[in-house]
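Each remark here refers to the structure printed beneath this line.
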Amino acid sequence: MGLRQRRLRWPAVILACLLVLLPGWAFASDAATAPRIGVMTMQPGEVFFERFGHDAIVVVDPDTGAATSYNFGFFDPSEPDFLSRFIRGEMMYHLVAMPAMQDLAQYREAGRGVRIQWLDLEPAQAHALSAALAERARPENSRYRYDYFTANCATQVRDMLDTAMGGALQSQLAGRSRGNTYRSEAVRLARPAPWMWLGFDVGLGPYADRPLSRWEEAFVPMRLADSLREARNSAGRPLVQAEDELLPHRIAPEPLDAPRRWWPWLLAGLACAAGIGAARRRPRALAAFALPLWLLSGLAGLLLAFLWSSTAHQAGWANRNLFLLNPLCLLLLPGAIALLRRRVPGRMFQPLLWTVAAVAALGWVLQWLSLQPQYNLPWIALLLPVHVALALALARTTARPAR
């Protein structure tokens, strides 16, 4: 959901959007001097940091007609220590105020659809929001510590609106839930990029699996737009007064909700286990299969341990995939190499095999006993049979030479 500023052109098609951004004015006299407030929602893009969509607040000056976009999605990769701060979960984003037409141009070029929701706020609320945004956009106030789920472009928009409404937005959304979780939303929106959704699914811990309120799920810009359509203003009228399409969406649409099944993963795990069992008399073949598996599992386990112990990524803490992606797998690599060379592994190879399998089984047991469950049944179903089958098939290789 991040953006980088670039030099933009002013094609005629963008200028035509001005007709939509500045529709005919029909305000009562007490609202004639109040700025008009809109929320622009941008559909997901094709770059990885655009997968979750984006949004911004538009403020239209009643005197000049100038439309300013307040965009919370800017970061500067040239900042000192940017990469290490990103890894540690301490990345800083900032708010940028720019002409709305300039903000729209980059989405038009990328083929991303944009809709705007004009809000029916009280004049005092509109004035307060406009002033607060202008103050936040000052260079000394614009930076904020970014979190993918709790402090991103959409939550900043949500919080600014709620403050202007005196907490009325949160009171309407906090007590309601559709059962979505941080994991389900992250995996859904990252689905077009396999490496991205796999990374989210493996890297998220139990924090990501609690049901979210409508207020919390508004970390997704499109979910926030849905909730605004249902919200009411201070007078009990619909908060969204009008909604317009500014740009058509010309690339792949937002992924739809889809139930996640664990049984296909179990079938794959059992099939692998059956293959391992059938090859139990061919330890070299098993070692050729196990070597990359143990290498990837061990490295992934080290990464999960690092996220838990050394970063501020709360969503990655206490990740029970560590039971399956065990760093101890790295200690099995010398044994696999020995088998490939037709040699007998060391004495610790067999105990390590059983330890890795036992730890994986323990992760399955804790899945049912935990008070804060983590949805990693697919990974348990896939990897537990494989770990157990490898332990059973290779347990006796320390007693006889490999063939």
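The values are calculated or read from the model by the stated rules, or taken from the named source; none is laboratory data. Quantities reported herein were computed from a predicted structural model and do not represent experimental measurements. Glycine gets a Cβ as well: all are built from the backbone with ideal geometry, and neighbour counts include every protein chain shown. Heavy atoms of the whole protein, side chains included, go into the accessibility calculation; ligands, DNA and RNA do not. Shrake-Rupley method; radii C 1.70, N 1.55, O 1.52, S 1.80 Å.
Got at least one residue in the range 346-359 being assigned to a helix (DSSP H, G or I), of a type in the set (A, V, I, L, M, F, W, C), touching a residue at least 40 places away in the same chain (Cβ under 8 Å) and in contact with a Phe, Trp or Tyr (Cβ under 7 Å, 6 or more places away or on another chain)?
No: the range 346-359 contains no residue that is assigned to a helix (DSSP H, G or I), of a type in the set (A, V, I, L, M, F, W, C), touching a residue at least 40 places away in the same chain (Cβ under 8 Å) and in contact with a Phe, Trp or Tyr (Cβ under 7 Å, 6 or more places away or on another chain).
Would you mind finding the one in D201, D209 that is surrounded by fewer than 19 Cβ atoms within 10 Å (Cβ to Cβ) and not small (G, A, S)?
Residue meeting the stated conditions: D209.
Could you check, for the range 134-144, whether at least one of its residues is assigned to a strand (DSSP E or B) and open to solvent by 50 Å² or more (accessible area, probe 1.4 Å)?
Yes, the conditions are met somewhere in the range 134-144.
Among the numbered criteria (1) under 21 Å from I37 (Cα atoms); (2) aromatic (F, W, Y); (3) part of a loop (DSSP other than H, G, I, E, B), which single criterion is violated by W118?
Of (1) under 21 Å from I37 (Cα atoms); (2) aromatic (F, W, Y); (3) part of a loop (DSSP other than H, G, I, E, B), only one is false for W118: (3).
Among the residues of the range 286-295, is there at least one that is in contact (Cβ under 8 Å) with a residue 24 or more places away in the chain, surrounded by fewer than 17 Cβ atoms within 10 Å (Cβ to Cβ) and either within 35 Å of the chain's Cα centre (by Cα) or part of a helix (DSSP H, G or I) (or both)?
Within the range 286-295, one or more residues are in contact (Cβ under 8 Å) with a residue 24 or more places away in the chain, surrounded by fewer than 17 Cβ atoms within 10 Å (Cβ to Cβ) and either within 35 Å of the chain's Cα centre (by Cα) or part of a helix (DSSP H, G or I) (or both).
Against the definition (under 21 Å from A273 (Cα atoms) and at pLDDT 95 or above), how does L383 come out, yes or no?
Against the criterion (under 21 Å from A273 (Cα atoms) and at pLDDT 95 or above), L383 qualifies.
Would you mind telling me which numbered condition in (1) within 24 Å of the chain's Cα centre (by Cα); (2) buried (at least 16 other Cβ atoms within 10 Å of the Cβ); (3) not acidic (D, E) P255 fails?
(2)
How do the pairs read when you match residues in the range 31-60 that are of a type in the set (K, R) with residues anywhere that are assigned to a strand (DSSP E or B), using Cβ under 7 Å and keeping only pairs 6 or more apart or on different chains?
Note: pairs meeting the criteria are R36/V60; R36/W118.
Give me the residue from the range 310-323 that is of a type in the set (A, V, I, L, M, F, W, C) and surrounded by fewer than 21 Cβ atoms within 10 Å (Cβ to Cβ) and, out of that set, farthest from the chain's Cα centre (by Cα).
Checked the range 310-323; the qualifying residue farthest from the chain's Cα centre (by Cα) is L322.
Each row is one residue, and each column tells you yes or no for (1) touching a His at 6+ places or on another chain (Cβ under 9 Å); (2) of a type in the set (D, E, K, R); (3) modelled with pLDDT of 95 or more; (4) open to solvent by 70 Å² or more (accessible area, probe 1.4 Å).
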site	(1), (2), (3), (4)
W215	no, no, yes, no
R229	no, yes, yes, yes
Q241	no, no, yes, yes
D244	no, yes, yes, no
R261	no, yes, no, yes
L267	no, no, yes, yes
G275	no, no, yes, no
R281	no, yes, no, yes
L299	no, no, yes, yes
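If A126 meets every condition in (1) within 28 Å of L212 (Cα to Cα); (2) buried (at least 18 other Cβ atoms within 10 Å of the Cβ) apart from one, which number is that one?
Among (1) within 28 Å of L212 (Cα to Cα); (2) buried (at least 18 other Cβ atoms within 10 Å of the Cβ), A126 violates only (1).
If a residue must be under 14 Å from W317 (Cβ atoms) and not in a helix (DSSP H, G or I), how many such residues does the range 182-210 contain?
Of the residues in the range 182-210, 3 are under 14 Å from W317 (Cβ atoms) and not in a helix (DSSP H, G or I).
Counting only residues that are in a helix (DSSP H, G or I) and of a type outside the set (D, E), how many does the range 219-250 have?
9
Regarding R320, is this residue within 29 Å of S184 (Cα to Cα) and among the basic types (K, R)?
Spelling it out, R320 is indeed within 29 Å of S184 (Cα to Cα) and among the basic types (K, R).
Within the range 52-61, identify whether any single residue is open to solvent by 50 Å² or more (accessible area, probe 1.4 Å), at pLDDT 90 or above and not in a strand (DSSP E or B), and answer yes or no.
Yes, the conditions are met somewhere in the range 52-61.
Condition first: in contact with a Leu (Cβ under 9 Å, 6 or more places away or on another chain), open to solvent by 50 Å² or more (accessible area, probe 1.4 Å) and at pLDDT 95 or above. Now tell me which residues in the range 324-349 satisfy that.
Correct list: L328, L331, I337, L340.
Whether any residue in the range 303-310 is in a helix (DSSP H, G or I) and in contact with a His (Cβ under 7 Å, 6 or more places away or on another chain) is what I want to check.
Scanning the range 303-310 turns up at least one residue that is in a helix (DSSP H, G or I) and in contact with a His (Cβ under 7 Å, 6 or more places away or on another chain).
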